[in-house]
Every structure is written in structure tokens, then in C-alpha cells.
There are 2 protein chains.
Amino acid sequence: MELFYSDEICGNSLILGEEEARHCIRVLRHAAGDEISAIDGKGRLYRCRIVSVSGKNAQAQIMGVTENWGGHPYTLEMAVCPTKNIDRYEWFVEKACEIGVDCIVPVSGDHSERRTVRTDRLRKILMSAAKQSLKGRVPDVSEITEVKDYIQASGSRDCLKLIAYCFEDGSCPRISVMKALENMAPECTSVCILIGPEGDFSEEEALMAIRHGFIPIHLGPSRLRTETAALCAVNAVYSHFLM
Amino acid sequence: MELFYSDEICGNSLILGEEEARHCIRVLRHAAGDEISAIDGKGRLYRCRIVSVSGKNAQAQIMGVTENWGGHPYTLEMAVCPTKNIDRYEWFVEKACEIGVDCIVPVSGDHSERRTVRTDRLRKILMSAAKQSLKGRVPDVSEITEVKDYIQASGSRDCLKLIAYCFEDGSCPRISVMKALENMAPECTSVCILIGPEGDFSEEEALMAIRHGFIPIHLGPSRLRTETAALCAVNAVYSHFLM
């Protein structure tokens, strides 16, 4: 099933912008009268028919809408420190979208070696991953922020807040991510998870997170790379709510 | 922690072959008298001291051994159809090793687009992933085999056998991988999982697997790529036994 994206939807008319129109008309050779499917990136799937084609875009008439198409019954925000090798981070972003995530927050910690990330590239990756995995909603990406600012801002949020780190801090023993999810209040379906950089979170960051209501977790005894740890956490939430 | 690999261990002497010796001596500038750590790829970690260095290799004296170092309390064989884009398969192999797998079996199914895979490359990837994730055992890789031959050969094996596919076959409804693991006999710690190609298993393959004792499973509602599905399955086994 081939999917297009449109952010120009008005009444029962949908317009494919330049890039999507080129792919639809030039590459896939669609013409007026053809039926196509498009997502709005906000969760809706539109079944529509192409009515006219200009050089720059294509207009289609909407014939049917499906709400929350390919959605999941939880809300998951992953605040993950970008990896030194950005390919690994981009790989995580693609896989997280396939499995089911709502928001990616690149965060920069005390031990981070990378403090910049091209969110435009991440958005492109998420767009194609959402199309490929048949999801109407494209996860959000926010600009990179400091771990401590993220923790501060999250303090008052009403969701299950988890932070994964590797060192053992006597004052507050870590539990497994699965256990943390089992302990979650049944009415709670919103989770955010902090994953540190190659050099792990600093003890200061971990303690600050705990003070702000984050539950310290581990992901088992294996020594996982940042992107692998992040994906295992996404998969744990997905499994908890869906299996 | 930097790790070396040796397959020449005799009594209390350990020899680093040409490639490992070059990395140890030329690149990392180790010399006689230095302490190093090496794995044998079979589960053992050796703490040793370099005693002599030749142009081609390095001899070390073993000072301590740790058995089943970085091991896991289950045995997992992943029989996964190689992806059209081999990078995705190689990525899976690396991640599976990080999390914890014992054997990778590339299999070629009725709908497979790729019927060859360079096992030498996979072995290299597994070796460096094992070192990077601090595991004494390097997972095995077997040569590519036909799905039906693999099913035939597995029929008599005494382990939990699972096959993941996407179509719904009325005769034998699929359960989630988590549920299949929960239902497993408590004394059973050995699992093998069959994951199909981009075009999924054929109905014939699925039915044959079920006749040979494979339990049909799903990995939740998301539409996962082959390599993502395979990694989610590895993570499910890891979580089941370790969290």
C-alpha cells in the first residue's frame, strides 16, 4: 500500500504538495481519476481520488476518512541523548516509529559527546517510517534541550516518568522497565522515558530526575548501546500495552 | 574496557593471532608486562599479562578465568530470513548480540527476495558486537538454509519453537510472543524463533511449521520490518528471562 502525505486538507479536498505530487504523478504515474491514500500526519487516513494535476501539485477529492489510523493505546515520549555516531540515533528514530512512539526529544546530558542534531533529517526519517509502517500519525521531534531543563519541565507532568541509567545508586535502587510498567496505575497510559548518552547520565542528573518524580529503571544485565537501550524501552511499553 | 579475542589457548598461555596482536601492540601500544583481557568466544573471559611480542602475534600468561562471562540464562536461536537490503540484516545481527542471542540461522523462504548472505561478514559483526557489549560468548552463525529444511530439522528439537507471521489463519490463531513465553514450561529455557522475509512466510510454510510443533505468534498490531520484528522477538525473550 503506497501512502502520500498532505498538510493541505480543506473540506473534502486534499492537495499533495510539490514533493509528494512529483512522486505520485511523475514517479508512480498516477493521473486524474486514480484512487490514492494519504495521511495528514496527525492520525487520519484519507481515501481519495485525484481530480486534477498541475505541474507543481495535485488536487484530490476525499472519499473516506479513518481516524487514529495505525495508532496505539498509549502515549510515549522518548527523551534520548543523541549518539556520537548520528546514524545510530537515526536508526533508533526509524525503529521507534515503526513500533510506536509519539514524541522524540533529543536531550543533551553532562556526559554527552554530541550536542547538536538535525531535526529536519529526523522528521524526514519519521515521515517515511510512518508511511512504511502504515501509521496515520507522524511522531513529533523537538529541538535538542538540556537534560536538566527537560527534567525540570517534566516535574509537574502527569505521566509515568522513567529514567534508565547503568550505575547503582544505593539511595534509590533501580527496577526493571517491565516491573515499572506493571506497577503503573491502570488508568495511566502516558509514559516518558529518559535514556542517557554513551557516557551514561551523571549522578547529579539521575538524582535530580528522581527528585522530580522519575523512577530509576534498568534494562536488564546486558550492556546496551544508547540506541539499543532506547529501542528496548520503546518495545517494553509497546509490549505492555498491546500483548 | 578493551577486549581481545583468542582461539589459541593452551594451559595458562594465550596467544593473540595476527589481527588481534596488531591491534593490541601497534594500535593500542601494549607491550610485554601489560595486563589485557581476552575472550575465547565460547563464554570465557581471561585476565592475562603479555609476556612476549613477535611481529606476527603476542603471547600472554593467563592470570584468571571467568566462566560464562556476560552470559544469559536462556538459549535463543533466531532463524531469520535475510532482508533485501543486507544492511538491515547486519544491523539486526549486531543488536541481537548486544541484547543476548546464541545462534543466528539465515533462512530462505518461499517469498524471500534474497537467497544468499555473507556469513563471514556476519561473524565479524558478531565478534565486535560481543566485545563491545562485554560478552565472552560470540553467537554462532550457520550457513543459509531453506525454511522448510529448517522446520523439518527442528521438528524433534526439545525447545519452545515459535513462528511469527502476519496473515490470520483461522485453523490456528496466533498468540502474542509474550503470551507464548508465559505459557512455556518453567523448566524450559531454550527457544527458537522463525521470522519471515519482507513478503512474509507462505501459508504452506506456516502450516508445515505448525505441524512440526511451532507455535504461531504475532508481535502486536504494528507493521514491523523483518529486522525490527526479529529484534522485538529477541527483546521479548530477554525481558521474559531477565526482568
Report task. Name the single residue, out of those in the stretch B:94-111 being assigned to a helix (DSSP H, G or I) and without any contact (Cβ under 8 Å) to a residue 40 or more places away in the chain, that is farthest from B:E203 (Cα to Cα). Result -> B:E98
Report summary line: The condition of being surrounded by fewer than 21 Cβ atoms within 10 Å (Cβ to Cβ), among the charged types (D, E, K, R), within 14 Å of another protein chain (Cβ to nearest Cβ) and free of Cβ contacts under 8 Å to residues at least 12 places away in the same chain holds, among B:D87, B:D120, only for B:D87
Report summary line: Here the residues within the stretch B:132-156 that are of a type in the set (V, I, T) and either within 14 Å of another protein chain (Cβ to nearest Cβ) or under 18 Å from B:E90 (Cβ atoms) (or both) are B:V138, B:V141, B:I144
Query - Criterion: loosely packed, with under 14 Cβ neighbours inside 10 Å and aliphatic (A, V, I, L, M) - qualifying residue of B:L28, B:L45 - result: B:L28
Requested in this report: Confirm whether A:R88 is at pLDDT below 95 and more than 10 Å from the chain's Cα centre (by Cα).
Outcome: no
Query - Search result, residues across the stretch B:205-228 that are out of contact with any Pro (no Cβ under 9 Å at 6 or more places or on another chain), open to solvent by less than 10 Å² (accessible area, probe 1.4 Å), in a helix (DSSP H, G or I) and more than 7 Å from every other protein chain (Cβ to nearest Cβ) - result: B:E205, B:E227
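The values are calculated or read from the model by the stated rules, or taken from the named source; none is laboratory data. In this text, all values refer to a predicted model and were calculated from it rather than measured experimentally. For neighbour counting, all protein chains shown are included, and Cβ atoms are generated from backbone atoms with ideal geometry for every residue, glycine included. What goes into the accessible areas is simple: the full protein's heavy atoms, side chains included, and nothing from ligands, DNA or RNA. Shrake-Rupley method; radii C 1.70, N 1.55, O 1.52, S 1.80 Å.
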